[in-house]
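Accompanying notes for the structure given below.
Derivation of every value follows stated rules applied to the coordinates shown; laboratory data play no part. Bear in mind the structure is a predicted one, so any value in this text is a computation, not a measurement. Note: ideal-geometry Cβ built from the backbone for every residue, glycine included; neighbour counts use all protein chains shown.
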Amino acid sequence: MKKMILFGAAIMIAFGASAQMSLVKDLAKKAASENPMELADVLMKIEPALENAESAGDVLTWYTAGKAAFGLYDQLYKLKILGQPVEEEMMNGALTAGFEFYQKALPLDSIVEVDKKTGAPKLNSDGTKKVKTKYSKEIIGALTSHLGDIANAGNQFLQNSDWANAAEAFGNYADLTRSAFAIANGVAVPDSTLSQVRFFQGYSQYQIQDFANAYDSFSKARKLGYTENNIVDFQTSSLANMVQGMLDSKEFDKANNFIDNAIAADPMNGTLHDIKGFTVELQNNDVSAALPYYRKATEVDPTYANAFFDVGRCLYLMAQKIIDDNPNATNKELVPKLKPIYDEAIPFLKKAVELNTNPDDKKAQGVLDDILWKFEVMGVK
């Protein structure tokens, strides 16, 4: 009985796949329509085929979906040019979908050439089967000719705070402008333009807390020479959020490796050295192990308030440990041990207070006041 059920299920699955491919072939004929309603209908009806295992592995499925999506965009754009009202969201959504569908179609577009007489596959000189493409030329033409459109769509998504679609649109533009087929088709985008697009891709990813991809996009933008809009702060914040996630999961080795690579690529970024110190401190539960990294952060970036606070904080905690470890010691006995540490901490804490731009952040001043109070109690002048 069990075997019969399984066999019946297999027939149903096979029938479903066959039915989906039959549907795709019917829809392929309609994908060349110039009627927006018909093209929208194609996109709606082809959705199951995009998820079916067999039909999703066939280039015709993605080619049909892409052709309908680009066709819908083109027809709506024509209406817009003529001054007729169109749904901008639908138009840009169709364009974004077209890029996705055609990029999935490209790697599937390979057809084995066969001998017309025998039906056997034709072979290359090395014995491999000869392969040709059927849709690639049309697909590449559509992708390259719509690059400006996808950049404009990205800007509209950005203005509407549609961060996910903005990131996808900017990513499509940036990735495809440097693709081999785009360059072969005469696409030439200057680094200054591409770097700006990468920044806005990263900014959009940052807004949806996709910090890993945001960090990658910001890195690419900086490599292309982008320096505006506080990109270093955004990139560093993305990294900090990523590292925090690793630390929350106690993936210390992963966090250290990631930060070390970031520092190697950007050694003059004080925040990265400060994050390294925080990671080491948390991993080892030891402020003395982290102190060298915090010191390095102050040397690399003398304007970074948090690094100066972290040095002062660590020294303060090292002194506090001496107090805690010697509960019966007198002030006279403690002063020689504590004063050198406090004397070293005070300039860092004063600098942290000086550099701090947040009037609500009183932590550095609080630690500094406590040290000065201890000096008063211990009779230190």
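Summary of values
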| item | result |
| --- | --- |
| Scan of the stretch 30-49 for residues that are within 22 Å of Pro107 (Cα to Cα), in a helix (DSSP H, G or I) and without any contact (Cβ under 8 Å) to a residue 24 or more places away in the chain, ordered by number | Glu47 |
| All positions within the stretch 71-95 that are out of contact with any helix residue (DSSP H, G or I) (no Cβ under 6 Å at 6 or more places or on another chain) and not aliphatic (A, V, I, L, M) | Asp74, Tyr77, Lys78, Lys80, Gly83, Gln84, Pro85, Glu87, Glu88, Glu89, Gly93 |
| Close pairs (6 angstrom Cβ cut-off, 6 or more residues apart or separate chains): within 14 Å of Ala69 (Cα to Cα) in the stretch 84-95, assigned to a helix (DSSP H, G or I) and charged (D, E, K, R) anywhere | Leu95/Asp149 |
| Residue match in the stretch 38-49 (condition: among the basic types (Lys, Arg), within 25 Å of Leu147 (Cα to Cα) and out of contact with any Lys or Arg (no Cβ under 7 Å at 6 or more places or on another chain)) | no |
| Residues located in the stretch 98-127, provided they are crowded, with 19+ Cβ neighbours inside 10 Å and either in contact (Cβ under 8 Å) with a residue 60 or more places away in the chain or assigned to a helix (DSSP H, G or I) (or both) | Gly98, Phe99, Phe101, Tyr102, Ala105, Leu106 |
| Filtered residues of the stretch 67-101 (kept if small (Gly, Ala, Ser) and under 25 Å from the mean Cα position of the chain (by Cα)) | Gly93, Ala94, Ala97, Gly98 |
| Wholly within the stretch 293-378, helices (runs of 4 or more DSSP H) carrying at least 3 residues that are among the basic types (Lys, Arg), within 27 Å of Ile259 (Cβ to Cβ) and over 44 Å from the mean Cα position of the chain (by Cα) | none |
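To keep it simple, each residue is scored yes or no on (1) without any contact (Cβ under 8 Å) to a residue 60 or more places away in the chain; (2) surrounded by 14 or more Cβ atoms within 10 Å (Cβ to Cβ); (3) over 12 Å from Arg313 (Cα atoms).
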{"residue": "Tyr342", "(1), (2), (3)": "yes, yes, no"}
{"residue": "Lys351", "(1), (2), (3)": "yes, yes, yes"}
{"residue": "Asn358", "(1), (2), (3)": "yes, no, yes"}
{"residue": "Lys363", "(1), (2), (3)": "yes, yes, no"}
{"residue": "Val367", "(1), (2), (3)": "yes, yes, no"}
{"residue": "Trp373", "(1), (2), (3)": "yes, no, yes"}
{"residue": "Gly379", "(1), (2), (3)": "yes, no, yes"}
